[in-house]
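Chemist: Once you've had a glance at the structure underneath, I'll fire off some questions.
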Amino acid sequence: MLAMLLRITPSLKYGLPYGFDIYEFTSRILVLNEGKHVSMPHGPLFYYVQLAILKTFGYEMFLNILIFIEPLIFTFFILPPYFISKGFKTSENEPIYTLLYLAVTNLLVHQIGGVIIPEGLGLLFFGLSVLFMRKAFEDWRWMYLAMVSGFFTVMSHHLSVFQLFLFFSSLFLSYLYYYVRYLRERGLLRLLALILITIIILLVSSNYIWNLSGEDENTLILLFNMVTKIRLFPVILLAGVFLFPIAIVEPIRFLKKFEKSASRKTFILMPIIGMVLPSFLTMIFHPEALPTILWFTIPISLGFLPFAIYGIIQYCRKSTLLDSIFFMAPLTLFMIEAFFIISLENYNVLIHRLPTFVIYFATPLAGYGLSLFSKELDSIKKEYLAGMIIAYFIFSLAASSFPKPEFAYGVRESVSYSELKLAEDAYAYSILFNAKIDTDIRLGAVLMFTSHRRADWMGNLTSWFLPSNSWLVNVSVTGEPYSFKNNIIIMVSSSMREIYHGRVINLIIKPSGPLNEKVINYLNNCPGIDRLEDVQEGALYMKHPWKKLNQGK
Amino acid sequence: MREDEVNGKGAFFKKTLLLMSSFLILLFIAYEFSESLPRGFVSMKIIGCEEDQQGVSINLSISNNSSRKSEGVLFIMLGYDDSTVCENNTFYSFTGFKVFNHSVIQILPREEKVIKIGLMPGFGVKRILAVYCLNPSFLSGTNSYDLIVIRKDEALWVQTWIG
């Protein structure tokens, strides 16, 4: 119930789909509904499911389902890790804590149900694949279901399938080493073969799906292109294949001898590593992102991370080596992936997507860590005090799910009715004046939605590596306005303004900034720039719009 | 340690944690709803503009996209060389404008009203500006080069440059 309430809150509050990516996705569905071709860069499943809903219920009902029903449905996508937790064979585990984390952790609330995006669907099938893989240790026939859900992950979301590929690869390498070094058991060999088949299915189906997507919009292809440009990559990969399983299996054997006092060290170290260190690094390298980093990392570092680490350590101590590898191998590879992606120029910003997968995967361990922590409290007073303190941490995890722009790098996620009208009218004006429309990614998505992707929108949505041709983006970066062409409509919203803690949203890998007062004064007072429309939250500007139109007449 | 003691361990913590965190989160959700802004809005746009020797004619459209009647004052202002529009996060200020005319406009819920404006601008006029003030009691006491300051949440304005 809590999970559903949290996820439906922005929809009920704003009456519109929350987030702006959903407008971009829905615009593609509207084009598909017209029988036209459009690329589906994440994978086709999300789009075709939505298309089926649209065709079945009609446009108005489809929108209502999208806004008010789908957040509730997506809430159920958090369940696979809960069932994994229920399968723990330790008496101290309380699966309710895992469910609590899944329900309230900010990134999970946001990405699974808070905003309706293909990633939510991808996470569901990612989670199911992990669950079925785990069940395959009891009965190998569950691997068939893991293959099926793996295929659906491919169909759903490009980054999810990449994470699933890493998950199965890490298990394959680690269990292969374990098989060769410690336990030559037929059941394990069969499992290895099935994991290998699953990896092949993922690769083959990914290749097929890539052909359906716009190449320059598919994250996997872009990652692949970037990575293959690194000369030493084959060497790194080969070294990793040999060293990784050793680095996983042997330390787990060491961890089994770890002292019980790990709890104190964990709960002191984790806030330092999870909060102090990122904050310090952010202040040095990207001080403008400090409010965002603090907003998200403080709750996670205090309320989630210590219990997850404690849970991992204790799980490795108390469970079998085979069982410990199941969690340690993928988590370690996800961490390596994160460091690697940070180092890739232009791709380091993908790092903001990875924590969701890591947290989703690690929630059973966090729940387990919290369970153990609660069992170690030896008086009612301590239980009360700890319960109250950790309740506030849990609250902070939930309350940081939908940040305001000043805590979200200037991004205002909600879209208003007035901005929808602005986009509709901008499109109408663009047809009247035969003009292009210059606006940021946020309003561009809304523009694509209202125009069914027909609007002539300037901007670099798909051109990741070119300099920006957007006047708004350029002036937001330099702070200096310059003259723009006569056939461009500038669509400005208060969400882009510096005085409202806003930002001109550009592709995440490219520079952008807020519109300062100098730029606004230029638009308001430069001779020749008409202010065509005002919707209270935004305005349209254009140079000499009527002159050309009247001359044409 | 007795089994019943082991089984009871952490039970009070669990109840405290679940109840307290649920309570705080429900409070948070209630706060979020209390912060909801009205969804209705008024908008204004120029839908036509012609300039010839007879003067300038502008067609304005004001839409009331809310469920309440809108009553406000429409100012038509002439801007000269030294006219400027400034804004901060709360106010618009219009300096160096001459108020050509003002009238009270009422717009019913979901209604769009088209207003035709025809005028002979006169020498030195560089731009024509229309301000719709949503506060019907706002009236500028003068039509000369005064500073006009209007709250942003009560004002809509559009402009066109002439000549």
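The values are calculated or read from the model by the stated rules, or taken from the named source; none is laboratory data. On a predicted model such as this, the values are computed, not experimentally measured, just so you know. Cβ coordinates were reconstructed from backbone atoms using ideal geometry, including for glycine residues, and neighbour counts include every protein chain displayed.
Chemist: Take the residues of segment A:85-100 that are modelled with pLDDT of 90 or more and either assigned to a helix (DSSP H, G or I) or of a type in the set (Val, Ile, Thr) (or both): which is nearest to A:ILE359 (Cα to Cα)? Outline the logic, then answer.
Modeler: Restricting attention to segment A:85-100, the residues satisfying the condition of being modelled with pLDDT of 90 or more are A:85-88, A:93-100.
From the residues that got through so far, the ones that are either assigned to a helix (DSSP H, G or I) or of a type in the set (Val, Ile, Thr) (or both) too are A:85-86, A:95-100.
On the way: A:SER85: 14, A:LYS86: 17, A:PRO95: 16, A:ILE96: 16, A:TYR97: 14, A:THR98: 11, A:LEU99: 13, A:LEU100: 13 Å.
That would be A:THR98.
Chemist: Of the residues that make up segment B:32-50, is at least one surrounded by 15 or more Cβ atoms within 10 Å (Cβ to Cβ), at the interface with chain A (Cβ under 9 Å from one of its Cβ atoms) and farther than 30 Å from B:VAL158 by Cβ?
Modeler: Yes, segment B:32-50 has at least one match.
Chemist: In segment A:30-84, which residues are part of a loop (DSSP other than H, G, I, E, B) and either in contact with a Lys or Arg (Cβ under 7 Å, 6 or more places away or on another chain) or over 29 Å from A:TYR360 (Cα atoms) (or both)? Reasoning before the result, please.
Modeler: Just the residues of segment A:30-84 that are part of a loop (DSSP other than H, G, I, E, B), to begin with: A:34-44, A:58.
Listed by number, the residues that qualify are A:GLU34, A:GLY35, A:LYS36, A:HIS37, A:VAL38, A:MET40, A:GLY58.
Chemist: Return the residues of segment A:413-438 that are within 27 Å of the chain's Cα centre (by Cα), charged (D, E, K, R) and surrounded by fewer than 23 Cβ atoms within 10 Å (Cβ to Cβ); say none if nothing qualifies. Spell out how you get there, then give the answer.
Modeler: Just the residues of segment A:413-438 that are within 27 Å of the chain's Cα centre (by Cα), to begin with: A:413-417, A:419-420, A:423, A:438.
Subsequent filtering for residues that are charged (D, E, K, R) retains A:413, A:419, A:438.
Correct list: A:GLU413 only.
Chemist: Does segment B:95-107 include one or more residues that are in a strand (DSSP E or B) and closer than 19 Å to A:VAL535 by Cβ? Write out each step before concluding.
Modeler: First, the residues of segment B:95-107 that are in a strand (DSSP E or B): B:95-107.
Now narrow it down to the ones that are closer than 19 Å to A:VAL535 by Cβ: B:105, B:107.
Taking every residue of segment B:95-107 in turn, at least one turns out to be in a strand (DSSP E or B) and closer than 19 Å to A:VAL535 by Cβ.
Chemist: Right, another one. Output the residue which, of all residues in segment A:176-187 that are in a helix (DSSP H, G or I) and free of Cβ contacts under 8 Å to residues at least 60 places away in the same chain, is surrounded by the most Cβ atoms within 10 Å (Cβ to Cβ). Break it down stepwise before answering.
Modeler: Of the residues in segment A:176-187, the ones in a helix (DSSP H, G or I) are A:176-181, A:186-187.
Next cut, free of Cβ contacts under 8 Å to residues at least 60 places away in the same chain only: A:179-180, A:186-187.
On the way: A:TYR179: 15, A:VAL180: 10, A:ARG186: 7, A:GLY187: 11.
Per the criteria, the residue is A:TYR179.
Chemist: Related question: Residues in segment A:499-512: is at least one farther than 13 Å from A:ASN474 by Cα, surrounded by 19 or more Cβ atoms within 10 Å (Cβ to Cβ) and modelled with pLDDT of 95 or more?
Modeler: There is no residue in segment A:499-512 that is farther than 13 Å from A:ASN474 by Cα, surrounded by 19 or more Cβ atoms within 10 Å (Cβ to Cβ) and modelled with pLDDT of 95 or more.
Chemist: Tally up the residues in segment A:378-404 that are assigned to a helix (DSSP H, G or I), crowded, with 19+ Cβ neighbours inside 10 Å and not aromatic (Phe, Trp, Tyr), please.
Modeler: 10
Chemist: Out of the residues in segment B:74-86 that are of a type outside the set (Ser, Thr, Tyr) and buried (at least 18 other Cβ atoms within 10 Å of the Cβ), state the one that is nearest to the other protein chains (Cβ to nearest Cβ).
Modeler: Going residue by residue through segment B:74-86, those that are of a type outside the set (Ser, Thr, Tyr) are B:74-79, B:81-82, B:85-86.
Adding the requirement that they be buried (at least 18 other Cβ atoms within 10 Å of the Cβ) leaves B:74-79, B:85.
On the way: B:LEU74: 13, B:PHE75: 13, B:ILE76: 14, B:MET77: 13, B:LEU78: 15, B:GLY79: 9, B:VAL85: 4 Å.
Of everything passing the filter in segment B:74-86, B:VAL85 is nearest to the other protein chains (Cβ to nearest Cβ).
Chemist: Can you tell me which condition B:VAL104 does not meet? The list is (1) surrounded by fewer than 17 Cβ atoms within 10 Å (Cβ to Cβ); (2) modelled with pLDDT of 95 or more, and all the others hold.
Modeler: Against the list (1) surrounded by fewer than 17 Cβ atoms within 10 Å (Cβ to Cβ); (2) modelled with pLDDT of 95 or more, B:VAL104 comes up short only on (2).
Chemist: A further question on this structure: So which residues in segment A:50-64 are within 26 Å of A:VAL161 (Cβ to Cβ) and surrounded by 16 or more Cβ atoms within 10 Å (Cβ to Cβ), if there are any at all? Give the derivation first.
Modeler: Let us first name the residues in segment A:50-64 that are within 26 Å of A:VAL161 (Cβ to Cβ), namely A:50-54.
Those that are within 26 Å of A:VAL161 (Cβ to Cβ) and surrounded by 16 or more Cβ atoms within 10 Å (Cβ to Cβ): A:GLN50, A:LEU51, A:ILE53, A:LEU54.
Chemist: How many of the residues making up segment A:351-385 are under 13 Å from A:LEU102 (Cβ atoms) and within 13 Å of chain B (Cβ to nearest Cβ)? Spell out how you get there, then give the answer.
Modeler: So the first thing to find is which residues in segment A:351-385 are under 13 Å from A:LEU102 (Cβ atoms), and the list is A:356, A:359-367, A:370.
Next cut, within 13 Å of chain B (Cβ to nearest Cβ) only: A:367, A:370.
Total satisfying the criteria: 2.
Chemist: Go through the residues of segment B:131-144 one by one and say whether even a single one is within 14 Å of chain A (Cβ to nearest Cβ), surrounded by fewer than 13 Cβ atoms within 10 Å (Cβ to Cβ) and under 24 Å from A:LYS421 (Cα atoms).
Modeler: no
Chemist: Then there is this: Return yes or no: is B:GLY124 more than 22 Å from B:VAL42 (Cβ to Cβ) and assigned to a loop (DSSP other than H, G, I, E, B)? Quick ask: steps written out before the conclusion?
Modeler: On the way: more than 22 Å from B:VAL42 (Cβ to Cβ): yes; assigned to a loop (DSSP other than H, G, I, E, B): yes.
Considered against the rule, which asks whether it is more than 22 Å from B:VAL42 (Cβ to Cβ) and assigned to a loop (DSSP other than H, G, I, E, B), B:GLY124 comes out as yes.
Chemist: Among the residues of segment A:52-69, is any more than 14 Å from A:ILE116 (Cα to Cα), in contact (Cβ under 8 Å) with a residue 24 or more places away in the chain and more than 20 Å from the chain's Cα centre (by Cα)?
Modeler: Yes, segment A:52-69 has at least one match.
Chemist: Looking at segment A:1-50 only, could you name the residues that are over 17 Å from A:GLU70 (Cα atoms) and among the hydrophobic types (A, V, I, L, M, F, W, C)?
Modeler: Correct list: A:LEU30, A:VAL31, A:LEU32, A:VAL38, A:MET40.
Chemist: From the list A:GLY122, A:GLY127, A:GLY113, which one is at positive phi and within 15 Å of the chain's Cα centre (by Cα)?
Modeler: Numbers: A:GLY122 fails: at positive phi; A:GLY127 fails: at positive phi.
Only one candidate passes the filter, namely A:GLY113.
Chemist: Moving on to the next point. Could you go through segment A:527-541 and let me know if any residue there is more than 23 Å from B:ARG127 (Cβ to Cβ), within 37 Å of the chain's Cα centre (by Cα), aliphatic (A, V, I, L, M) and part of a loop (DSSP other than H, G, I, E, B).
Modeler: No, the conditions are met nowhere in segment A:527-541.
Chemist: Looking at segment A:2-49, which of the residues that are on the phi > 0 side of the Ramachandran plot and surrounded by fewer than 21 Cβ atoms within 10 Å (Cβ to Cβ) is farthest from the other protein chains (Cβ to nearest Cβ)?
Modeler: Looking only at segment A:2-49, we keep the residues that are on the phi > 0 side of the Ramachandran plot, and these are A:15, A:19, A:35, A:43.
Those still in the list that are surrounded by fewer than 21 Cβ atoms within 10 Å (Cβ to Cβ) too: A:15, A:35.
Numbers: A:GLY15: 6, A:GLY35: 32 Å.
Once the filter is applied, the top-ranked residue is A:GLY35.
Chemist: Here are the criteria: (1) hydrophobic (A, V, I, L, M, F, W, C); (2) under 20 Å from A:GLN163 (Cα atoms); (3) at pLDDT below 90. Tell me which single one A:LEU365 does not satisfy.
Modeler: Tallying (1) hydrophobic (A, V, I, L, M, F, W, C); (2) under 20 Å from A:GLN163 (Cα atoms); (3) at pLDDT below 90, A:LEU365 fails exactly one: (3).
Chemist: Do you know which of the residues in segment B:51-71 that are more than 16 Å from the chain's Cα centre (by Cα) and assigned to a strand (DSSP E or B) is farthest from the other protein chains (Cβ to nearest Cβ)?
Modeler: Initial filter on segment B:51-71 (more than 16 Å from the chain's Cα centre (by Cα)): B:51-60.
Retained after the next criterion (residues that are assigned to a strand (DSSP E or B)): B:51-52, B:55-60.
Numbers: B:GLU51: 7, B:ASP52: 9, B:GLY55: 14, B:VAL56: 10, B:SER57: 11, B:ILE58: 9, B:ASN59: 11, B:LEU60: 10 Å.
Per the criteria, the residue is B:GLY55.
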